[in-house]
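Read the structure below first, then the notes.
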């Protein structure tokens, strides 16, 4: 007889998620993430990203259930047949972006991003940004509200709202997407190999300050941001076969 997996249930602060946590823990037991076989976050995509940032380094597969506003990275919430559902899941291996930001004060701030890294102007004045790829300047000056680098998993989120491309999972590419570009007016971004090192240099940072956000982690007053795909960090998300992540990303391209 196959032993049931040890599950760590985690829940967002909402009433619905907390009620689901109590119900599922009473049915299946509760384990610490470090001692579990599967981590099961209950909430929306924001809570899923928090879970990945906090526990992604443990190397445990993650099976989320939607109990929030947005649940693109989650499965439907049902309390029945959970063990059977987990046993039939399809894995999606995600590799996050690694960001290192330098601030005006000289501080160096590092963070991971499973969805995107985005630079945004902090004031009413547009940001002026230079873009280097693998040490070579490709765009001398982008005048914009901001610019982002998105993973395939994150390409349907903020990136898509900014008119960036939807990327197939496992395609080995990332999306470089401007946010409200003013000059060059017709530049709409680029699709890059995932191992490209991207460096954003903020021009005139004192007059035109810029912040950077890696998923939900914000750093203000940055002067330079370097981003590359992580070489050694991955996380495995588990999805019900009828609604796996690859199918969701494909379906998003046919929504009218």
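Each reported figure results from applying straightforward, stated rules to the coordinates on display, with no laboratory input. All values reported here derive from a predicted model rather than from experimental measurement. In this analysis, Cβ positions are derived from the backbone assuming ideal geometry, glycine residues included, and neighbour counts consider all displayed protein chains.
Taken along the Cα-to-beta-carbon direction at a fixed 7 Å, the label points for residue 231 and residue 83 span 4.3 nm.
Label region 108-256 by shape, choosing from rounded, prolate and oblate, from the square roots a ≥ b ≥ c of the eigenvalues of the Cα gyration tensor; if a/c is under 1.5 it is rounded, and otherwise prolate applies when a/b is larger than b/c, oblate when it is not. Walk me through the intermediate numbers first.
Details: a/c = 1.94, a/b = 1.62, b/c = 1.20.
Prolate is the answer for region 108-256, as a/c is 1.5 or above and a/b outweighs b/c.
Does region 1-81 come out rounded, prolate or oblate, given a ≥ b ≥ c as the square roots of the eigenvalues of its C-alpha gyration tensor, rounded meaning a/c under 1.5 and, failing that, prolate meaning a/b above b/c? Oblate, since a/c reaches 1.5 and b/c is not below a/b.
Please compute the contact order of region 1-47 in relative form: average sequence separation of alpha-carbon pairs under 8 Å and at least six residues apart, divided by the residue count, as a percent. Numbers along the way, then the final one.
Working: 63 pairs, mean separation 25.4, N = 47.
Over region 1-47, the number comes to 54 percent.
Just want to confirm a number: the relative contact order over region 97-229, from Cα pairs under 8 angstrom separated by 6+ residues, in percent.
Working: 350 pairs, mean separation 43.3, N = 133.
Value for region 97-229: 33 percent.
Rounded to 0.05, the FRET efficiency of the residue 250 and residue 187 pair, given R0 = 30 Å and the Cβ-Cβ distance, is 0.65. Stretching residue 132 away from residue 161 to a fully extended chain increases their span by 8.0 nm, per 0.36 nm per residue minus the current alpha-carbon distance. Could you give the distance between the Cα centres of region 108-146 and region 7-82, to the whole Å? Measuring centre to centre over Cα atoms gives 33 Å.
Summed over qualifying helices (DSSP H, 4 residues or more, each -39500 (n - 2.57)) and divided by its residue number, the chain shows a 222 nm mean residue ellipticity of -4500 deg cm²/dmol.
Rounded to the nearest 10 degrees, the angle from helix 45-55 to the longest Cα principal axis of the chain is 90 degrees.
Its relative contact order, with pairs defined as Cα atoms under 8 Å and 6+ residues apart, puts the chain at 21 percent. Peptides 92-100, 200-208, 114-122, ordered by how many other C-beta atoms sit within 10 Å of their residues on average, highest first, read 114-122, 92-100, 200-208.
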